Amino acid sequence: MCLIGFALDGMLRELDPHSGYIDQASLGEMQRQSRGEFVGVGLEVGMEDGRLEVITPLENSPAAKAGISANDVITKIDNKPVRGMTLDQAVEKLRGPKNTAVRLSISRKGRNRPIEITIIREVIKVKSVKSRAEGNDVGYIRITEFTEQTTDLLRTAIRELSRNVGADNIKGFVIDLRNNPGGLFDQAVSVAASFLDNGEIVSIRGRNAEDVGRYDARASDLTKGKPLIVLINGGSASAIGSRRWRITRPQTRHGHRHTVVWQGLRANHYSAYRWRGRPAFNDGALLHAFRPLHTSQRD
């Protein structure tokens with residue numbers, strides 16, 4: 001099945017840069033991530049020169065409670081050296097069943113000896129929407145990705161801001177989509193619908209009749225027509241830029257409701273403009289998984 005998988009992946013990648021084959025294991029991992037939760041220690045990590053570096057521990061996670069800090073280097077997982085592992089292999093070892101223990105050896109700048117830490121894995125819930133009031137009249141909403149929970153969290157955030165600040169006192173909303181890598185198609189559509197009262201959000205047209213669809217907004221603008229400022233940058237993927245926020249263009253442009261603020265490559269370089277279809281986004285991050293292929297038990 002490994003050779004067949006490689007062949008399928010190769011054929012699909014020839015279609016366009018955004019298609020690929022996902023095996024059952026990868027599909028299961030993708031589905032777990034799309035739910036906005038997983039079982040693990042709660043670390044965001046990266047691999048550089050064979051070193052597994054901690055980018056940040058997630059807030060209130062087992063790793064954060066155990067004292068792991070950003071820039072720590074994990075050298076061993078359950079007494080097995082990390083060097084030689086891929087990032088996926090290391091992450092797989094960090095995860096595991098709920099309430100099981102994992103032992104980490106940590107190298108930290110300024111410490112001569114490794115730090116040995118044992119952490120109990122827990123269910124980690126990642127909130128894809130965060131919000132706060134700016135001043136006394138602006139609602140700030142940060143959307144980090146599109147998981148199964150994003151629309152519900154967005155609606156809750158708007159309701160809480162309206163209640164805490166006062167619906168009549170809010171002058172507008174800032175929607176921060178910087179470094180959002182994209183996510184689920186249906187969530188991108190429903191998030192867009194949360195800012196629209198009518199009109200087509202997106203339509204899908206394929207070769208076959210069953211691949212044709214249209215999604216419309218139906219009096220669902222939770223902000224009651226308040227002005228919007230949308231923050232984006234080069235890390236804002238297709239689900240935000242060239243598709244999802246362009247989806248909202250017919251309604252927001254003609255209603256003059258929103259301004260897009262683009263953060264350039266230079267630090268603190270911003271430009272504000274009315275939407276003109278400017279291409280400024282990564283591609284291929286609007287996720288739509290088709291039905292899995294039937295597979296044999298003999299892999």
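One line per residue, one yes/no per condition, for (1) free of Cβ contacts under 8 Å to residues at least 60 places away in the same chain; (2) closer than 30 Å to F185 by Cα; (3) β-branched (V, I, T):
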residue	(1), (2), (3)
V45	yes, yes, yes
K65	yes, no, no
T100	yes, no, yes
I115	yes, no, yes
A63 fails exactly one of the following numbered conditions: (1) surrounded by fewer than 16 Cβ atoms within 10 Å (Cβ to Cβ); (2) in contact with a strand residue (DSSP E or B) (Cβ under 7 Å, 6 or more places away or on another chain); (3) not in a strand (DSSP E or B). What is the number of that condition?
(1)
Just for the range 161-181: of the residues that are charged (D, E, K, R) and touching a strand residue (DSSP E or B) at 6+ places or on another chain (Cβ under 7 Å), which one is farthest from L228 (Cα to Cα)?
R178
Can you confirm whether V73 is under 27 Å from F6 (Cα atoms), β-branched (V, I, T) and without any contact (Cβ under 8 Å) to a residue 40 or more places away in the chain?
no
Which residues, taken from the range 86-107, are surrounded by fewer than 16 Cβ atoms within 10 Å (Cβ to Cβ) and either in a loop (DSSP other than H, G, I, E, B) or not assigned by TED's automatic domain parsing to the domain that holds K76 (or both)?
T86, G96, P97, K98, N99, T100
Among residues belonging to the range 113-140 that are among the polar types (S, T, N, Q) and at pLDDT 90 or above, point out the one that is surrounded by the fewest Cβ atoms within 10 Å (Cβ to Cβ).
T118
May I ask you to list the residues in the range 76-111 that are farther than 18 Å from G42 by Cα, of a type outside the set (A, V, I, L, M) and in contact with a helix residue (DSSP H, G or I) (Cβ under 9 Å, 6 or more places away or on another chain)?
K80
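The values are calculated or read from the model by the stated rules, or taken from the named source; none is laboratory data. Quantities reported herein were computed from a predicted structural model and do not represent experimental measurements. No Cβ is skipped: glycine too gets one built from the backbone with ideal geometry, and neighbour counts run over all protein chains shown.
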